[in-house]
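These notes concern the structure reproduced below.
The values are calculated or read from the model by the stated rules, or taken from the named source; none is laboratory data. These figures come from a predicted structure and were not determined experimentally. Note that each Cβ is placed from the backbone with ideal geometry, even for glycine, and that neighbours are counted across all protein chains shown.
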Amino acid sequence: MAEVRVAPRAPSKPTDRPAGAATGRRRGRGVSRQVLLIAVVVVAAIVAFILWRVLSKPALPAGFAGGNGRLEANQVYVSAKYPGRIDQVLFNEGDDVQPGQVVARMDTSALDAQLREAEAQITAAQDSRRVALAQVNTANAQVAVKNSDYDYALKQYDRSKDLVPRGAVSQREAELDNAAMLSSKAQVTGSKAQLVGAQASATQTLAAIAAAQATADRIRSQIKDAVLLSPIQGRVETRLAEPGEVLPSGGRVFSLNDLSDVYMYIYLPAEVTGKVKVGSEARIVLDAAPQYPIRAYVAFVSPMAQFTPKTVETAEERHNLTFRVKLQIPKERLQQYAPLVKTGLPGMGYVRFTSADWPKKLQPAAQVPTNLWAPTGGTGASQ
């Protein structure tokens, strides 16, 4: 059988591709990325330059300075004068109260019983006085009787003493008349002593009446003080106690914000604070209503420098010392800006230490709306 040999297949040759074309494409993609990166960097630099130019411009003209803070009000506490249990708490947080308005009542059941007892003591003391006065009248009558008896005994003794030398009356009878006269005189002295005692008892009853009346007046005063009144026109910030709680003397029931004493503290550097005059004009602009600047004045500049509080933002570094400046809203303005008077609202305070006019954005509005915030589900009041 003949052997068949198969010749091996020759390996196929790789297709020739232009190496320069592939290298060119890779270089093209790298150049595109570089151009895009350069463009992004250039655009970012332009935006950064524009922002720097805008932000580097002073926000206020020369002669003005400002700082941020929060609207605050003087806080007054309504407290119980005497220890006791709360009977009624009549207001909630956020309610407005007027001076002299009843805001809470303490339980006075024990005081009412004590008052009835004191009034009963007054009645008893008055009855004792009437008895004492009757005793004084009786003692006066006894003194008059004893004086009459003494006068008679004295006259009888005088007659007997004159008749003894004549023999009309014996010496023994004269001595008996003398003894009767002396006894009557002693009785007069005793009756007068009883009169003095009765008068002293009557005087003591006056003191007892006065003491009982003083006790009743003190209890009435405690009952009156058990009705807690608002000392100011203000707004309830915190309701600190509830009915049924037992409070000690001085226990607090409410904390009120005095709506007639509203202010903002801002912090300014020394180079500005040194130029600000106490009493100079100022402005407060709340974040909630930036379109309605509020006229204020500088009421206080702290004499002590301090580090800027963490809650206050300033352009200076934290390590720089600042001075606390109080911007007070005039009382007559507070009524006009009553819708804005909400403690804790953040805002900006501005001061002026030159004679320059206030910028237009810090000029108070001619009219202030009655409501700056839309009610829930509504569209708000027209501006």
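Residue under question is Val262, and the condition is that it be among the hydrophobic types (A, V, I, L, M, F, W, C), modelled with pLDDT of 90 or more and touching an Asp or Glu at 6+ places or on another chain (Cβ under 9 Å); does it hold?
yes
Considering only residues that are out of contact with any Leu (no Cβ under 7 Å at 6 or more places or on another chain), over 30 Å from Glu271 (Cα atoms) and outside any strand (DSSP E or B), which ones fall in segment 58-97?
Selection gives Lys81, Tyr82, Leu90, Phe91, Asn92, Glu93, Gly94, Asp95.
Scan segment 73-86 and tell me whether some residue there is modelled with pLDDT of 55 or more, of a type outside the set (A, V, I, L, M) and within 30 Å of Lys361 (Cβ to Cβ).
Within segment 73-86, one or more residues are modelled with pLDDT of 55 or more, of a type outside the set (A, V, I, L, M) and within 30 Å of Lys361 (Cβ to Cβ).
Among (1) at pLDDT below 75; (2) surrounded by 13 or more Cβ atoms within 10 Å (Cβ to Cβ), there is one condition Phe307 misses while meeting the rest; what is its number?
(2)
Out of the residues in segment 163-184 that are buried (at least 17 other Cβ atoms within 10 Å of the Cβ) and in contact (Cβ under 8 Å) with a residue 24 or more places away in the chain, state the one that is nearest to the chain's Cα centre (by Cα).
Ser184
Taking Arg116 as meeting all but one of (1) part of a loop (DSSP other than H, G, I, E, B); (2) exposed (fewer than 13 other Cβ atoms within 10 Å of the Cβ); (3) modelled with pLDDT of 90 or more, write down the number of the exception.
Every listed condition holds for Arg116 apart from (1).
Quick one: Arg130 ticks every box in (1) surrounded by 14 or more Cβ atoms within 10 Å (Cβ to Cβ); (2) at pLDDT 85 or above except a single one, so which number is it?
Evaluating Arg130 over (1) surrounded by 14 or more Cβ atoms within 10 Å (Cβ to Cβ); (2) at pLDDT 85 or above leaves (1) as the failure.
For the list (1) in a loop (DSSP other than H, G, I, E, B); (2) modelled with pLDDT of 85 or more; (3) among the charged types (D, E, K, R), I need the number of the one condition that Lys342 fails.
Answer for Lys342: the failing condition is (2).
Given (1) surrounded by 15 or more Cβ atoms within 10 Å (Cβ to Cβ); (2) in the same structural domain as Ala198 (by TED's automatic domain parsing), identify the lone condition not met by Ala104.
So the condition that Ala104 fails would be (2).
For every residue, the table says whether it meets (1) in contact with a helix residue (DSSP H, G or I) (Cβ under 8 Å, 6 or more places away or on another chain); (2) under 25 Å from Ala141 (Cβ atoms); (3) polar (S, T, N, Q).
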site: Asp158; (1), (2), (3): no, no, no
site: Ser170; (1), (2), (3): no, no, yes
site: Ala180; (1), (2), (3): yes, yes, no
site: Gly190; (1), (2), (3): yes, yes, no
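To keep it simple, each residue is scored yes or no on (1) assigned to a strand (DSSP E or B); (2) under 30 Å from Ala120 (Cα atoms); (3) in contact with a strand residue (DSSP E or B) (Cβ under 7 Å, 6 or more places away or on another chain).
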site: Lys161; (1), (2), (3): no, no, no
site: Pro165; (1), (2), (3): no, no, no
site: Lys185; (1), (2), (3): no, no, no
site: Gln222; (1), (2), (3): no, yes, no
site: Phe254; (1), (2), (3): yes, no, yes
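Given the residues Val246, Val262, Val253, which is the only one that is of a type in the set (Val, Ile, Thr), surrounded by fewer than 16 Cβ atoms within 10 Å (Cβ to Cβ) and either closer than 27 Å to Gly84 by Cα or under 18 Å from the mean Cα position of the chain (by Cα) (or both)?
Going through Val246, Val262, Val253 in turn, just one is of a type in the set (Val, Ile, Thr), surrounded by fewer than 16 Cβ atoms within 10 Å (Cβ to Cβ) and either closer than 27 Å to Gly84 by Cα or under 18 Å from the mean Cα position of the chain (by Cα) (or both): Val246.
Counting just the residues of segment 188-234 that are closer than 24 Å to Gln101 by Cβ and either of a type in the set (Gly, Ala, Ser) or touching a His at 6+ places or on another chain (Cβ under 7 Å) (or both), which one comes out surrounded by the fewest Cβ atoms within 10 Å (Cβ to Cβ)?
Ranking the candidates gives Ser221 first.
Quick one: in segment 277-291, of everything that is in contact with a Phe, Trp or Tyr (Cβ under 8 Å, 6 or more places away or on another chain) and not in a strand (DSSP E or B), which residue is modelled with the lowest pLDDT?
Among those that are in contact with a Phe, Trp or Tyr (Cβ under 8 Å, 6 or more places away or on another chain) and not in a strand (DSSP E or B), it is Ala288.
Being closer than 22 Å to Glu117 by Cα and in contact with a Ser or Thr (Cβ under 7 Å, 6 or more places away or on another chain) is the filter here, so list the residues in segment 160-217 that pass it.
Correct list: Thr205, Ala208.
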